[in-house]
Each structure stands twice: as structure tokens, then as C-alpha cells.
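To keep things clear, I will list the structure first and then write my remarks on it.
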Amino acid sequence: MARSKLERVLAELEVLHGAVPKPKVREPFALALWENVAYLVDDERRAKAFAALEQRVGLDPRSVAAARIDVLLEVATLGGIHAAKRAERLHECAELALDVGDFARALRGGGAPARRILKRFPSIGEPGAEKILLFSGIEPVLALESNGLRVLLRLGYGEESKNYARSYRTARDAASNELAETFAALTRAHGLLRRHGQRLCKNAAPDCDACPLVERCEYGSKRD
């Protein structure tokens, strides 16, 4: 069976960047903590802050809710700027999860009900909610973050808009039509698109000369 255009793109990106490791964090509440423990830092620094949270506090809602704010502040400081606000958000995540009750069960089945629950959490909009649903094995959906979204839009998937949510949905829907609806395929796509956006297809000064997709890229084709 012939591969779609996007599947061929992903194959080229895998040759260029290498295979993307599977997500290490898979539990829904832990993923909410992962999103809030750091801000504007690379994956290595985020992982360091997350590991400190796991070691010093724990990753279950009751442990985080009971943690002293000074301990959460020390952990959040490892994850970059606005540490005090993020320490408060970690507490808020725990309180929201406890309010839900059986958090994992409440998300079971995915769909709009699960998204509504997840979007109540700080720092988690629709993209973050879909990432949690994908990585935790609840719903096979092409979750995108800003780097991956930028790559897809430049390749002509979706419609770029001043409204980020609209850009996200149109690109996600257009790209999803060309991918297998499996957790493995969609997680791989998320990782490869994100990595390409981080390394070459940057927001400012993208390295189009090093990109194997430049001839198929609407952005690259308009270069001087």
C-alpha cells in the first residue's frame, strides 16, 4: 500500500533526526505535572525538575497537595522562570485532580468530556489536553505543540491564522487524514515534527538549506 505524503515526510525526518524515544511519562496526572513543573526550558532541564518533584514530593495528587510550598518552590526553581507561580500551579493541579476523584477513570474514553477536565488544569489548553490523552494511551489523536504545528503549516497542512486554536485544529485535522489512527504512529509523528521544528524549522531564521523538505515546503519555496 502506497504511503501518504506525510508518511514519506516523517520517514525522511526520521533519517535526518533519528528515531524519537517513546515518552517516559505516561500517567495522566504526572503529565499534567510535567507541563507545569518547568517553563521555557529544554527537555533536559524539564526532566531534571520533574525528577526532583518525584523524589522529594511524589507524583500522586495527595502527595503534591500535602507538599510544603517552599519545597515545591525549590523544585520549580529548577525548571526556570516564574518559579513561585509554577509552585502554586502544582498545588492547583493536585487540588483539581482530587476534586475530580478517580482521575484516570474520569478521562477514560477520551473525547470532549476528557478534554474539558484536562483544560481546567493550569497551562493546559487543547494541545496539552490532547498530548496527555495520546501519551497516556487514552485516545489516539495527533497532538501537536508549537514546533510541530509550525512544520505542518509550512508544509501546507491546515490554514495559518492569527487564531492559534484555529491553526492548530485545521493542521491537526488535515495531517490526521494521512496517518494511521494508532498510538504508535501518532506519537511518532508528534515527536518527529516537534524535533524538526526545534532543530531546523525554527520560527526565526529556519535552516532551510539543511532541510530535505524545502522543495515541498510553502515557506521554503518563497525564500529569496
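The values are calculated or read from the model by the stated rules, or taken from the named source; none is laboratory data. Computed from a predicted structure; not experimentally measured. Reconstructed Cβ throughout: ideal geometry from the backbone, glycine too, with neighbour counts over all protein chains shown. Just the protein is used for accessible areas: all its heavy atoms, side chains included, with ligands, DNA and RNA removed. Shrake-Rupley method; radii C 1.70, N 1.55, O 1.52, S 1.80 Å.
In table form, for the structure just shown:
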quantity: Segment 10-21 - residue that is out of contact with any Leu (no Cβ under 6 Å at 6 or more places or on another chain) and either closer than 24 Å to Ala97 by Cβ or of a type in the set (A, V, I, L, M) (or both) and, of those, surrounded by the most Cβ atoms within 10 Å (Cβ to Cβ); calculated: Leu16
quantity: Of all residues making up segment 195-213, the number that are outside any loop (DSSP other than H, G, I, E, B) and under 14 Å from Leu6 (Cα atoms); calculated: 1
quantity: Where Ser167 falls short, out of the listed (1) crowded, with 18+ Cβ neighbours inside 10 Å; (2) closer than 12 Å to Val20 by Cβ; (3) not β-branched (Val, Ile, Thr); calculated: (2)
quantity: Wholly enclosed helices (runs of 4 or more DSSP H) of segment 1-63 bearing at least 1 residues under 23 Å from Ile138 (Cα atoms) and touching a helix residue (DSSP H, G or I) at 6+ places or on another chain (Cβ under 8 Å); calculated: 28-36, 43-56
quantity: Leading residue by the ranking (nearest to Ala38 (Cα to Cα)) among those in segment 106-123 that are modelled with pLDDT under 95 and under 17 Å from the mean Cα position of the chain (by Cα); calculated: Ser123
quantity: Every pair of residues 6+ apart whose Cβ atoms lie under 6 Å, when the first sits in segment 141-153 and is part of a loop (DSSP other than H, G, I, E, B) while the second is at pLDDT 95 or above and of a type in the set (Ser, Thr, Tyr); calculated: Leu142/Ser176
quantity: Residues of segment 213-224 that turn out to be closer than 15 Å to Leu13 by Cβ and surrounded by 14 or more Cβ atoms within 10 Å (Cβ to Cβ), as a count; calculated: 5
quantity: Residue check, Leu72 buried (at least 18 other Cβ atoms within 10 Å of the Cβ) and at pLDDT 95 or above; calculated: yes
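Residues are listed down the side, and each one gets a yes or a no for (1) in contact with a strand residue (DSSP E or B) (Cβ under 9 Å, 6 or more places away or on another chain); (2) at pLDDT 95 or above; (3) open to solvent by 30 Å² or more (accessible area, probe 1.4 Å):
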{"site": "Arg56", "(1), (2), (3)": "no, yes, yes"}
{"site": "His82", "(1), (2), (3)": "no, yes, yes"}
{"site": "Arg89", "(1), (2), (3)": "no, yes, yes"}
{"site": "Ala104", "(1), (2), (3)": "no, no, yes"}
{"site": "Gly128", "(1), (2), (3)": "no, yes, no"}
{"site": "Leu133", "(1), (2), (3)": "no, yes, no"}
{"site": "Val151", "(1), (2), (3)": "no, yes, no"}
